[in-house]
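The values are calculated or read from the model by the stated rules, or taken from the named source; none is laboratory data. Treat the numbers as computed from the prediction; the structure is a model and nothing was measured. Methodologically, a virtual Cβ is constructed for each residue, glycine included, from the backbone with ideal geometry; neighbour enumeration extends over all protein chains shown.
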Amino acid sequence: MKTLSAVLLAIFVAVPLVARAADTGFGSLTPQEVFAKLKQKNVYVFDNNDPDVYKDAHVPGAKWLHPSEYDAKALPADKSATLVFYCHNEH
């Protein structure tokens, strides 16, 4: 139950970022759509929260990625892959 709660928390925390991303031309996903995508191949989820937040709770399979300090090697080489980024936004 604790794991399910952590997953739901992580997904619902991602909603503000997804909504903001839609304003800048990126696609947006509901928490339910993210959950469904987790079952698909070639989908990569990246958590951009602080490392401690990631450690406490994150979407299953999500890889922690600093939002501004990474290089192309941290991302999948397949350009057709679906990438999902999320973070908690208190503002």
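Does the stretch 37-59 hold any residues that are of a type outside the set (A, V, I, L, M, F, W, C) and not in a loop (DSSP other than H, G, I, E, B), and which are they? So that I can check it myself, show each step before the final result.
Taking the stretch 37-59 and keeping what is of a type outside the set (A, V, I, L, M, F, W, C), we get 37, 39-42, 44, 47-52, 54-56, 58.
Matches in the stretch 37-59: Lys37, Tyr44, Asp47, Pro51, Asp52, Tyr54, Lys55, Asp56.
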Please name all residue pairs, on different chains or six or more residues apart, with Cβ atoms under 9 Å, provided the first residue is in the stretch 77-91 and is closer than 16 Å to Gly27 by Cα and in a loop (DSSP other than H, G, I, E, B) and the second residue is at pLDDT below 90 and of a type outside the set (D, E, K, R).
Cys87/Val13; Cys87/Ala14; Cys87/Pro16; Cys87/Leu17; Cys87/Pro67
If you go through the stretch 71-84 one residue at a time, do you hit one that is surrounded by 14 or more Cβ atoms within 10 Å (Cβ to Cβ), modelled with pLDDT of 90 or more and out of contact with any strand residue (DSSP E or B) (no Cβ under 6 Å at 6 or more places or on another chain)?
yes
For the subset of the stretch 4-56 comprising residues that are modelled with pLDDT of 75 or more and among the aromatic types (Phe, Trp, Tyr), which member is nearest to Asp78 (Cα to Cα)?
Tyr44
